[in-house]
Each structure stands twice: as structure tokens, then as C-alpha cells.
Amino acid sequence: PEKTTSGDIGKLFTYMLYNDRVRPTYWDYATFVTGVTGKYSQLLGIVTGNKMYEPSTGYNQDRWNSYYTSGIMNQYREIQKNYNKLTDDQKKEQLIFVQLAKIVLDDQTAQMVDLWGDIPFTEAGQLNATNTLINGKFDDAATIYNTLISDLKDINTFLSTATLTTAVRQSLTTQDILLKGDLTSWRRYANSLRLRLLMRISNVSENTAKTEITAMLNNTSDYPMVENNAEDILLNMNPTAFSSEGMRDGLTDGATSSGPIAPTYMLETVMVTNNDPRIPVFWDPGTNGYVGLSTTLTSSQQENLIANRQVATIDTATFIQNYNVPGVLFTAAEVSFLKAEAYERWGLGTAQTAYETGIRQSIEFYYNINQSAVFVGFSRNPLATPTTSTVNAFIAATGIAYTGTPTEKLHKIWTQKWLNFFILQAGQAWAEVRRTDYPLLPFAIDASISNAQQPPHRLLYPDTEKSYNTANYSKVQSHDTRDYKIFWDLN
């Protein structure tokens, strides 16, 4: 390997998709989902204790590295470097890999902004790109978002007319472990992602978001999106060579010795109260039934409930023992909820239809995971899909039905989107909780520390930036506090 001077662009593209933060891995779930995003969006029960809202600096560093030194940005710069060495004719053929890689880069870059705010972007990864060591400046978070939104529009336009040689098509089909070279699916991914990013900035740049979203939703032929679960953007697993086994161990190790615990608000207040059909595919009941871990209890009371297995835990068959849980990049349900918000706020369509469609798609999505489960040394019969009458009754329930004031309707949209993200997209759940300030999650107060009594608004920069990128870090140091809000967070 040390004698290798050039890389195969297709194989570098594959490795971008194989990143630990794209596919379900032990390290991501054990250190980051259970300790940061899942905790701060209250998708998992939180055992109260000192410094319970202070994440591990080492694990945050690992998340940073997964994007930079060992991950997405690193691989993308290598793709750029190898692409720039090609002849003009070769560049025309291989450009498809660069454009698809940029979609993955844009998705992961947005997630980094959502976690930290300003980040090194335009100058990041130059050692890989040019063999020159450059300490990257911190780009403005809002400017990065605008760049991503523009990029995705341009990529969609490129893909709409892209033609591939037979050799490139065969290579792409092999190397594209996400969508098998289906360019229409890549367009759906790019446009759905763009819709997400536009809605995320809609409180701070409403005119821009409304204009661009209106253009997309009024022209679905030019801007195809994920419309049903058959079109979901999923990194599907292979139970022998490419499985979700690490997710199982990560969820178990990252939460408690008894497994990841259900939170009272999500399980009891939101789901049980409304007889949510997703309860049996989300949760295994404890000896007390579908009961969560309350934030009002003392730590000793909580630990007693956990030790006696009295509280519900994440479902064994759907998640914990399932070697076939996909990496989730985008679902039809999220697109429907994004549309519902746009329709409700700006009168662009029928919000109720989009909202109810999102609920139906979410239920179908999670039952699909349960029914496609692959087990090793474990057996469980798949759960039957809820009947249409059951789902209709749920959608008509008092707490779910699309009734009330415009604000109350938005609250219902945001709550159902938060539920749909669940642990598979915990980062998106935390971003939306901060953007919308909803649901109103009941966090316990950590009285042991004065400046971290509640979850933060952002993560602190890792120590490597302070130590090795000192000059650039000094320019954003005043923003490097847990209470400094990401630009799209106005609540």
C-alpha cells in the first residue's frame, strides 16, 4: 500500500459510502447516538447523574475525525486529486463519480454544521487534494449551507442529462453500494436533501426557502424526490459480510447493561396515549408493560427500575438482534413531513394529506424493517403490518388528528417527524428539536454543574483544532460555547 501513487475513483467512492457515520456501526451507536444525539433529542431514556449532558470530548473528536482525517472529506479530496490527473476524455467519463460523491459530502457536511456550526470546509483536506499541508479556515455555517443548497441543485441538473459509457455504468453499478448506479434515485436523494436543508434555514431565510421549495414542489418532473418507501435512500445490509451487528452491540453498550431504555415522554405521552401502531416495532415491554424511564425520578429509583427490567427497551427483533437494519439516509416519510410543513406555513398544497401520508409511510417503514430482519442464533416471528382500519383509527385519534390552530398543526407535524427519525436518524432529530423547539422535551436539571444543566445547543470543537489549527480556531473561539446557537436555531 505504501507504494500506491493513485487510487481508483470508483473504489474511493465506495469507501465514502462505507463511512462509520453512514452505515450502522458499533462505534457510532455506542459513543455518539446513545451519548449525544439520541440523548439530546430524548429518543432514549436518560439516567440522571452528574455531568449527564456533557459529552465525551474523545468521542466528539472521533465524530470529527470521521468527517475529516479518516472519512468523508478525506475520501472526497482523494477523488478530486485523482480526477484532476485524468485526461479530458477520461474526466468526462468519470465525472459521474465526482458528482455523486459530492451529494454524500454535502449530506455529511450539513450534519457537521448541525453539530458544530462554523467548520473548516473550503480549505479542509488539502493534504489529500494537493499534498500540501494547509490548516483550513473555519467557514461561516450559513455560507456553507447556501453552498450545499446550490450544489445540490446543480447536481440534479447534471444528473438529469448524464449519459454513461458501458464501462462506466458497469463500474458504477458495482461500486455504488448505496443505489447500484440508479441515477434517478440519486436525483431523488439530492432533491430530498435540498428540501431538508431549505426547510432547516426557513426560519432565518424564509423568502429564499419558500421560493426555492415552491419551485421544487411545483415541478416534480425536474425535481424528483423520495415519494414512497420503495424509493427510500437506504444503505442495505448483508447479514454475512455487511451487517448491522455493530448497531446491536453499540446500542446495548452505549445505554445500560440491560439495553437502551425507552423515555417516558416518547413512549407514554406521545405513543401509548394515542395507541401508536409503531409501539411493538419500537419497543420491547418491561415487566410493567410499555413504561418509560421518567426524568422526574432519582437516579437510584431509575436504576432500580432498570435492574428489575420494569421499563421498556428498544425492540429486540426490529433493532437489537437484527443484522439487517439499514443505514438510513432519507425516507419518504421525512419528505412528506417536510412538505406538510411547507404546505401549512405557505399554503403550497394540502398539508393534512402530506401529514397523514407521512404517518402511514413511517408505520410501513418500521414494519418493513421488522419483517425483513435477519437473525443469527435468535428467532422471532415478524409482526403483521397493522390493518388499514387500525392506522386510520390512529390518525383520527385526538392527539394525532390534523386539527387545531396552525401552530398546533405544525407541532403535530414536527412531533411525528421526530418520531419517524427515532434512533436511525438521531442527528436529524436533534437538529429539528433545536430548530423547531418542539416537542417540548422534559429534561431533568443537572444541578451538579452550573453551566451544563440542560443539553447544549451545539458541540464544542475538539482539542485537535485548538492545538493544531490555533490561528483559525482563534477566530471562532468566541463562538465555541455550548450555548452558542447554530445559525438556523432562532428559538
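The values are calculated or read from the model by the stated rules, or taken from the named source; none is laboratory data. Every value quoted in this text rests on a predicted model; they were computed, and no experiment measured them. Backbone-built Cβ (ideal geometry, glycine too); neighbour counts: all protein chains shown. Surface areas here come from the heavy atoms of the whole protein model, side chains and all, with no ligands, DNA or RNA. Shrake-Rupley method; radii C 1.70, N 1.55, O 1.52, S 1.80 Å.
The numbered conditions (1) in contact with a helix residue (DSSP H, G or I) (Cβ under 8 Å, 6 or more places away or on another chain); (2) open to solvent by 20 Å² or more (accessible area, probe 1.4 Å); (3) not charged (D, E, K, R) are all true for HIS479 except (1). Scanning region 433-471 for residues that are outside any loop (DSSP other than H, G, I, E, B) and buried (at least 19 other Cβ atoms within 10 Å of the Cβ) yields VAL433, ARG434, ARG435, THR436, GLU465. One residue alone among THR415, THR357, THR385 is in a helix (DSSP H, G or I), out of contact with any Ser or Thr (no Cβ under 8 Å at 6 or more places or on another chain), modelled with pLDDT of 95 or more and hydroxyl-bearing (Ser, Thr, Tyr), and that residue is THR415. Scan SER185, SER171, SER192, SER202 and give me the residue that is open to solvent by less than 30 Å² (accessible area, probe 1.4 Å), farther than 19 Å from ALA332 by Cβ and not β-branched (Val, Ile, Thr). It is SER202.
Restricting the search to helices (runs of 4 or more DSSP H) fully inside region 262-354 and requiring at least 2 residues that are at pLDDT 95 or above and among the small types (Gly, Ala, Ser) gives 332-346. Screening PHE13 with (1) buried (at least 24 other Cβ atoms within 10 Å of the Cβ); (2) at pLDDT below 95; (3) under 18 Å from LEU329 (Cα atoms) gives one miss only, at (2). A Cβ distance below 6 Å, combined with a sequence gap of six or more or placement on separate chains, defines the contacts here; from region 106-134, residues that are touching a residue at least 40 places away in the same chain (Cβ under 8 Å) and over 25 Å from GLY38 (Cβ atoms) reach residues that are surrounded by fewer than 24 Cβ atoms within 10 Å (Cβ to Cβ) and among the hydroxyl-bearing types (Ser, Thr, Tyr) in the pairs GLN126/THR132.
Of all the listed residues (THR331, THR313), the sole one being of a type in the set (Ser, Thr, Tyr), buried (at least 23 other Cβ atoms within 10 Å of the Cβ), within 13 Å of LEU251 (Cα to Cα) and touching a residue at least 12 places away in the same chain (Cβ under 8 Å) is THR313. The C-beta contact set for region 280-297 (first residue more than 21 Å from ILE369 (Cα to Cα), second residue open to solvent by 20 Å² or more (accessible area, probe 1.4 Å) and of a type in the set (Phe, Trp, Tyr), distance under 9 angstrom, 6+ apart or interchain) comprises GLY292/TYR265; SER294/TYR265; THR295/TYR265; THR295/PHE443. Kindly indicate whether any position in region 101-113 is among the aliphatic types (A, V, I, L, M), more than 21 Å from PHE158 (Cβ to Cβ), part of a helix (DSSP H, G or I) and open to solvent by less than 10 Å² (accessible area, probe 1.4 Å). For region 101-113, residues among the aliphatic types (A, V, I, L, M), more than 21 Å from PHE158 (Cβ to Cβ), part of a helix (DSSP H, G or I) and open to solvent by less than 10 Å² (accessible area, probe 1.4 Å): present.
Contact map, region 464-491: first residue free of Cβ contacts under 8 Å to residues at least 24 places away in the same chain, second residue in a loop (DSSP other than H, G, I, E, B) and not aliphatic (A, V, I, L, M), Cβ cut-off under 8 Å, separation 6 or more or different chains; pairs are ASP480/TYR461. Within region 388-412, the residues that satisfy the criterion of being without any contact (Cβ under 8 Å) to a residue 12 or more places away in the chain and part of a helix (DSSP H, G or I) are THR388, SER389, ASN392, ALA396, THR407, GLU408.
The helices (runs of 4 or more DSSP H) found entirely in region 1-91 that carry 3 or more residues being in contact with a Ser or Thr (Cβ under 9 Å, 6 or more places away or on another chain) and of a type in the set (Phe, Trp, Tyr) are 57-67. Of the residues making up region 360-382, those that are surrounded by fewer than 20 Cβ atoms within 10 Å (Cβ to Cβ) and part of a loop (DSSP other than H, G, I, E, B) are SER372, VAL374, PHE375, VAL376, GLY377, PHE378, SER379, ARG380, ASN381, PRO382.
Residues that are in contact with a helix residue (DSSP H, G or I) (Cβ under 8 Å, 6 or more places away or on another chain) and of a type in the set (Asp, Glu) within region 64-122 comprise GLU78, GLU93, ASP106, ASP107, ASP114, ASP118, listed in sequence order.
On inspection, LYS137 passes the criterion of being touching a strand residue (DSSP E or B) at 6+ places or on another chain (Cβ under 7 Å), surrounded by fewer than 22 Cβ atoms within 10 Å (Cβ to Cβ) and in contact (Cβ under 8 Å) with a residue 24 or more places away in the chain. Whenever a residue of region 352-381 is acidic (Asp, Glu), its partners that are outside any helix (DSSP H, G or I) and open to solvent by 10 Å² or more (accessible area, probe 1.4 Å), lying with C-beta atoms within less than 8 angstrom and at least six residues away or across chains, give the pairs GLU356/TYR402; GLU364/THR385. The C-beta contact set for region 31-51 (first residue farther than 15 Å from ALA262 by Cβ and without any contact (Cβ under 8 Å) to a residue 40 or more places away in the chain, second residue buried (at least 21 other Cβ atoms within 10 Å of the Cβ) and among the hydroxyl-bearing types (Ser, Thr, Tyr), distance under 7 angstrom, 6+ apart or interchain) is empty. Please go through region 151-166 and pick out each residue that is open to solvent by less than 70 Å² (accessible area, probe 1.4 Å) and part of a helix (DSSP H, G or I). Selection gives ASP151, LEU152, ILE155, ASN156, PHE158, LEU159, SER160.
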